[in-house]
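Colleague: Below is one structure. I have some questions about it.
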């Protein structure tokens, strides 16, 4: 069983923590690693590529990491974070274009079930499908 | 080592920090018109932290100096300019060969190429690239033509300012400003404005040869 880690990158720490809380509600008793890199160190809105690389390292157990992000600098900070990682860790990381909240919930559920990295990343990308199907 | 040693590059970085601090409100005002109103604040926070980091741990050489600036910008700026300017200084640091004007021009070019790769912006998208690419072209051409570095950097700074002004009438195609569509036309791009300050700081501080 794989133990894929998840990293949430957001401009806002409250936004990231609330998204994780929402996802954790689906995962009773799960130990899936969900790390947050969000906000500036003075509590403001912003992203920090060094913090993202630290979060990726913390979430990585060797089975891969899926990174979800909000917009703008979160995307570029996540890309920059990859440059700061060792080659072997970087090779295990996927940056996901999934919507943050929906992608996180989907990814966390399958990661908690022991899915491998590519399956977790694919589930994140499917994040909008239930809502699209419902709304038609 | 020629004239472009650790001290010279440190003077450039400090002058840039001073310039973004002086123009902080103006940069934020430009950004409030077509973005999220934080560019001046972010650049001031990042460059002030970079100077503090250099003061706390004096870098061993020019490459280490540029790397310290890069890592501080990546970590402290918060907005998109953090990864963009951080990548600029990181690639410059990796490409800096020796202290010659040609090496500086090549390293500057590597930094600009890094910004283009990171931001995926092209000319006339109305970003900092519209100031930095013409600056890199002018710098390379002037150094290859045998001009002294200070004259070459003057040409580069003028090209950056011309590039910044040339995209003011355009509609932004990248970044937060692109959300505004037509409303972004007629405004100076804040990223291009801070990029001009970077090249201007080099032109006023770096030595002739």
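Colleague: Which percent, nearest 5, of DSSP beta bridges in chain A are antiparallel?
Modeller: If I count the DSSP bridges inside chain A, around 0 percent turn out antiparallel.
Colleague: How would the range B:42-155 be classified by its alpha-carbon gyration tensor: rounded, prolate or oblate, with rounded meaning a/c under 1.5 and the a/b versus b/c comparison settling the rest?
Modeller: Oblate, since a/c reaches 1.5 and b/c is not below a/b.
Colleague: Can you give the relative contact order of the range B:6-205 as a percent, counting alpha carbon pairs under 8 Å and 6+ residues apart?
Modeller: On the way: 355 pairs, mean separation 42.8, N = 200.
Computed over the range B:6-205, the figure is 21 percent.
Colleague: Quick one: Cα centre-to-centre distance for the range A:25-69 and the range B:71-134, in angstrom?
Modeller: If we compute the Cα centre of each part, the gap is 27 Å.
Colleague: A follow-up question, please. How much length, in nm to one decimal, is gained on full extension between residue B:57 and residue B:102, taken as 0.36 nm per residue of separation minus their Cα-Cα distance?
Modeller: 13.4 nm
Colleague: Label residue A:71 and residue A:13 with points 7 Å out from Cα along Cα→Cβ: what is the distance between them in nm?
Modeller: Here the modelled spin labels are 2.4 nm apart.
Colleague: Let me ask something else. Mind checking the angle between helix B:81-95 and chain B's longest principal axis? C-alpha axes, 0 to 90 degrees, to the nearest 10.
Modeller: 30 degrees
Colleague: Fewest first, what order do B:143, A:93, A:66 take by the number of other Cβ atoms within 10 Å? Numbers along the way, then the final one.
Modeller: Details: B:143 24, A:93 21, A:66 30.
Result, fewest neighbours first: A:93, B:143, A:66.
Colleague: Provide A:34, B:74 in ascending order of the number of other Cβ atoms located within 10 Å of each residue's Cβ, fewest first.
Modeller: By the 10 Å Cβ count, ascending, the order reads A:34, B:74.
Colleague: With each run of n ≥ 4 DSSP H residues scored as -39500 (n - 2.57), what mean residue ellipticity at 222 nm is computed for chain B after dividing by its residue count and rounding to the nearest 500 deg cm²/dmol?
Modeller: Here the helix-only value at 222 nm equals -23000 deg cm²/dmol.
Colleague: I want to make sure I understand the PRE zone here: with the label point 7 angstrom from the Cα of residue A:25 toward its beta carbon, which residues in the range A:93-112 have backbone N atoms less than 18 Å away?
Modeller: What the label zone holds, given the 18 Å backbone N cut-off, is A:100-110.
Colleague: Could you work out how far helix B:190-205 tilts from the main Cα principal axis of chain B, as a 0 to 90 degree angle to the nearest 10?
Modeller: Helix B:190-205 and the main axis of chain B meet at about 20 degrees.
Colleague: Can you tell me how the range B:6-205 classifies by the Cα gyration tensor, rounded, prolate or oblate, using a/c under 1.5 as the rounded cut?
Modeller: Oblate shape, in that a/c is at least 1.5 and b/c is the bigger or equal ratio.
Colleague: For chain A, what does -39500 (n - 2.57) per DSSP helix run (n ≥ 4), summed and divided by total residues, give at 222 nm, in deg cm²/dmol to the nearest 500?
Modeller: -14500 deg cm²/dmol
Colleague: Based only on Cα atoms, what mean projected area does the convex hull of the protein assembly as shown have, in nm²?
Modeller: Taking the Cα atoms of the protein assembly as shown, their convex hull projects to 18.2 nm² on average.
Colleague: Counting DSSP beta bridges in the protein assembly as shown, what percent are antiparallel, to the nearest 5? Could the numbers behind the result be given before it?
Modeller: On the way: 1 of 14 bridges.
Given both bridge residues lie in the protein assembly as shown, the antiparallel proportion sits at roughly 5 percent.
Colleague: Please list, by residue number, everything in the range B:122-142 whose backbone N is under 15 Å from a paramagnetic label point 7 Å out along Cα→Cβ of residue B:166.
Modeller: Zone members listed by number: B:122-141.
Colleague: If I model a spin label as a point 7 Å beyond the Cα along the Cα-Cβ vector, how far apart are those points for residue B:11 and residue B:141 in nm?
Modeller: Once both label points are built, they end up 2.8 nm from each other.
Colleague: In whole angstrom, how far apart do the alpha carbon centroids of the range B:13-62 and the range A:70-104 sit?
Modeller: 25 Å
Colleague: Nearest 10 degrees is fine. How inclined is helix B:39-56 to the longest principal axis of chain B, computing both from alpha carbons?
Modeller: Relative to chain B, helix B:39-56 is tipped by roughly 20 degrees.
Colleague: To continue, here is another question. Would you mind ranking B:76, B:67, A:131 by Cβ crowding within 10 Å, fewest neighbours first?
Modeller: A:131, B:67, B:76
Laboratory data are not the source of any read-out in this text; all were calculated from the coordinates shown. Here the structure is a predicted model, which means the values were calculated and not measured. When we count neighbours, we look across all protein chains shown, and the Cβ atoms used for this are built from the backbone with ideal geometry, even at glycine.
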